[in-house]
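Chemist: Could you have a look at this structure, given as structure tokens, before my questions?
The values are calculated or read from the model by the stated rules, or taken from the named source; none is laboratory data. Just so it is clear, the structure is predicted and the values come from calculations on it, not from any experiment. Heads up, the Cβs are rebuilt from the backbone with ideal geometry, glycines too, and the neighbour counts pull from every protein chain shown. Surface accessibility is based on the protein's heavy atoms, side chains included, excluding ligands, DNA and RNA. Shrake-Rupley method; radii C 1.70, N 1.55, O 1.52, S 1.80 Å.
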Amino acid sequence: MLDKALGAVKKYNMLSPGAAVIAAVSGGADSMAMLLFLMKIRERYSLSLTVAHVNHGLRGEEARRDENYVRSFCEKYGLRFEVLHADVAALAKQRGESCEECGRRVRYEFFESIDKNAKIATAHTASDNAETMLFNLARGSSLKGLCGIPPVRGNSGNIIRPLIFCTREEIEAFCRENSLDFVTDSTNLTLDYSRNKIRRIAVPALKEINSAFEENASHFSQNAALDEDFLEGETKALLLSAQADGGLSCKALLSAHPAIRRRALLGCIKNVCPKSADFKTVGAVENILSSGGKIQLSPDTFAVSDGAVLRFAAPIKKGEEWSEDIEPECINGSVCHNGHVSICRVNKKIFLDTQKIHKDVLDYCIDCDKII
């Protein structure tokens, strides 16, 4: 395990001499193994090491046990220890997030608050990477999702994963060899979460087929990341060359390879309407490039093509109010306003408020979104 971890540090230039490192330690096998690894290379890199622990307030006495274990370990070895107590369930409800999303946000905000210039070391492993790939694949991910967990992340590469090439079996063997104790999160032992089902059912089944599944998944994710980087560069080049008249040249898009074209369209849709960015919408927009047409991405945003240029814009404002005198006619047995018809665009809220008081002012209304 030590060789793999050190190889990852060198390959991705995770650490430089004199670096400040915040080790995110939960007390589990993975994070304790990472902490011991960092302690072993501390002198080699002259590291300033801080241990950070988050008590999410979700597991009661068990969470306090984890915190106390990590605290005791740090006191034993003279390590700086920082802890955050957070009521993640309440924060998630307040912000409309899932507990998982909220917990992740809280953790990284805490780590960065300790030292914004430090490296943040997390204990993601090759096993975590394989599980993430399977999870993303099950959700219908693109190639980007199959890149798994990046060894280095963040705008300045400040988040590092030194154990990313190490499997869980290798890490637990390392703990045994070094008589390193750790705690176990009981929620990891249930099948209540999708990731646990992948970890406890899917991965063992795949390892029966090939015992090197996790290592092979790691190699695949590294190659996928290289492919993703190349394809993303080609996509940016296409978007740059296709710019035309406030939009994108349909001819340029159609002449590009479908893989690059679809990536370009997906990126454009994400920019204007992230919730509509899926394969189905990309296909619909792709279909109007040559023939022209209009695809609604949201109540306020459309993809519009005239066969020459594709644009992403808000709907065009309708014309001015219109009125005209006509011969009185019977419509369903009633005379049409003494021979005068007027049409105007009305805000829905104003319409509803007006109707409460003057029910005879706005007699006939048509939903503008339903008019072709």
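Chemist: Would you mention how many residues in the range 7-18 are crowded, with 17+ Cβ neighbours inside 10 Å and either in contact with a strand residue (DSSP E or B) (Cβ under 8 Å, 6 or more places away or on another chain) or assigned to a loop (DSSP other than H, G, I, E, B) (or both)?
Modeler: Matching residues across the range 7-18 total 3.
Chemist: Of the conditions (1) within 27 Å of ARG65 (Cβ to Cβ); (2) open to solvent by 50 Å² or more (accessible area, probe 1.4 Å), ILE209 clears all except one; give me its number.
Modeler: Tallying (1) within 27 Å of ARG65 (Cβ to Cβ); (2) open to solvent by 50 Å² or more (accessible area, probe 1.4 Å), ILE209 fails exactly one: (1).
Chemist: Could you identify the single residue in VAL106, VAL51 that is part of a helix (DSSP H, G or I) and under 23 Å from ILE160 (Cα atoms)?
Modeler: None of the other options fit; the residue is VAL106.
Chemist: A further question follows. Every residue in the range 237-259 that is without any contact (Cβ under 8 Å) to a residue 60 or more places away in the chain and open to solvent by 30 Å² or more (accessible area, probe 1.4 Å), please.
Modeler: Residues satisfying the conditions are ALA237, LEU239, LEU240, SER241, GLN243, LYS251, LEU254, SER255, HIS257, PRO258, ALA259.
Chemist: I would also like to ask the following. Any residue in the range 25-44 that is in contact (Cβ under 8 Å) with a residue 60 or more places away in the chain and β-branched (Val, Ile, Thr) sitting within a Cβ distance under 6 Å of a residue that is open to solvent by less than 30 Å² (accessible area, probe 1.4 Å) and not in a helix (DSSP H, G or I)? List the pairs, counting only those 6 or more apart or interchain.
Modeler: VAL25/VAL51; VAL25/HIS53
Chemist: Scan the range 1-21 and report the pairs whose first residue is more than 13 Å from ALA121 (Cβ to Cβ) and touching a residue at least 40 places away in the same chain (Cβ under 8 Å) and whose second residue is open to solvent by 10 Å² or more (accessible area, probe 1.4 Å) and part of a loop (DSSP other than H, G, I, E, B), with Cβ atoms within less than 6 Å and a gap of 6+ or a chain change.
Modeler: Qualifying pairs under 6 Å: LYS4/PHE165.
Chemist: Just a yes or no: is a residue in the range 223-232 open to solvent by less than 30 Å² (accessible area, probe 1.4 Å), within 18 Å of SER141 (Cβ to Cβ) and in contact with a helix residue (DSSP H, G or I) (Cβ under 7 Å, 6 or more places away or on another chain)?
Modeler: So far as the range 223-232 goes, yes, one or more of its residues are open to solvent by less than 30 Å² (accessible area, probe 1.4 Å), within 18 Å of SER141 (Cβ to Cβ) and in contact with a helix residue (DSSP H, G or I) (Cβ under 7 Å, 6 or more places away or on another chain).
Chemist: With (1) free of Cβ contacts under 8 Å to residues at least 40 places away in the same chain; (2) closer than 18 Å to ALA123 by Cβ; (3) not polar (S, T, N, Q) as the list, and ASP185 as the residue in question, which single condition is left unmet?
Modeler: (1)
Chemist: Can you tell me which of (1) open to solvent by 80 Å² or more (accessible area, probe 1.4 Å); (2) small (Gly, Ala, Ser); (3) outside any helix (DSSP H, G or I) is the one ALA303 doesn't meet?
Modeler: Condition not satisfied by ALA303: (1).
Chemist: Of all residues in the range 106-153, how many are free of Cβ contacts under 8 Å to residues at least 60 places away in the same chain and of a type in the set (Phe, Trp, Tyr)?
Modeler: 2
Chemist: Which one is farthest from THR122 (Cα to Cα) among residues in the range 48-80 that are at pLDDT 95 or above, in contact with a strand residue (DSSP E or B) (Cβ under 8 Å, 6 or more places away or on another chain) and surrounded by fewer than 18 Cβ atoms within 10 Å (Cβ to Cβ)?
Modeler: By that ranking, first place goes to GLU75.
Chemist: Oh, and also: Given the conditions (1) open to solvent by 80 Å² or more (accessible area, probe 1.4 Å); (2) under 28 Å from ILE201 (Cα atoms); (3) at pLDDT 95 or above, and given that THR125 satisfies all but one, which numbered condition is not satisfied?
Modeler: Against the list (1) open to solvent by 80 Å² or more (accessible area, probe 1.4 Å); (2) under 28 Å from ILE201 (Cα atoms); (3) at pLDDT 95 or above, THR125 comes up short only on (1).
Chemist: Could you list, in sequence order, all residues of the range 291-300 that are outside any strand (DSSP E or B) and farther than 19 Å from LYS270 by Cβ?
Modeler: Those that are outside any strand (DSSP E or B) and farther than 19 Å from LYS270 by Cβ: SER291, GLY292.
Chemist: Does any residue of the range 110-120 turn out to be under 24 Å from HIS56 (Cβ atoms) and assigned to a strand (DSSP E or B)?
Modeler: Within the range 110-120, one or more residues are under 24 Å from HIS56 (Cβ atoms) and assigned to a strand (DSSP E or B).
Chemist: Looking at the range 26-43, can you tell me whether even one residue there is open to solvent by 20 Å² or more (accessible area, probe 1.4 Å), over 19 Å from SER186 (Cα atoms) and either in contact with a Gly (Cβ under 9 Å, 6 or more places away or on another chain) or part of a strand (DSSP E or B) (or both)?
Modeler: no
Chemist: Follow-up question, since we're still on this one. Within the range 263-290, how many residues turn out to be in a helix (DSSP H, G or I) and open to solvent by less than 80 Å² (accessible area, probe 1.4 Å)?
Modeler: 17
Chemist: If you don't mind, there's one more thing I want to ask. What is the residue count in the range 355-372 for residues that are surrounded by 10 or more Cβ atoms within 10 Å (Cβ to Cβ) and either in contact with an Asp or Glu (Cβ under 6 Å, 6 or more places away or on another chain) or at pLDDT 70 or above (or both)?
Modeler: Total satisfying the criteria: 2.
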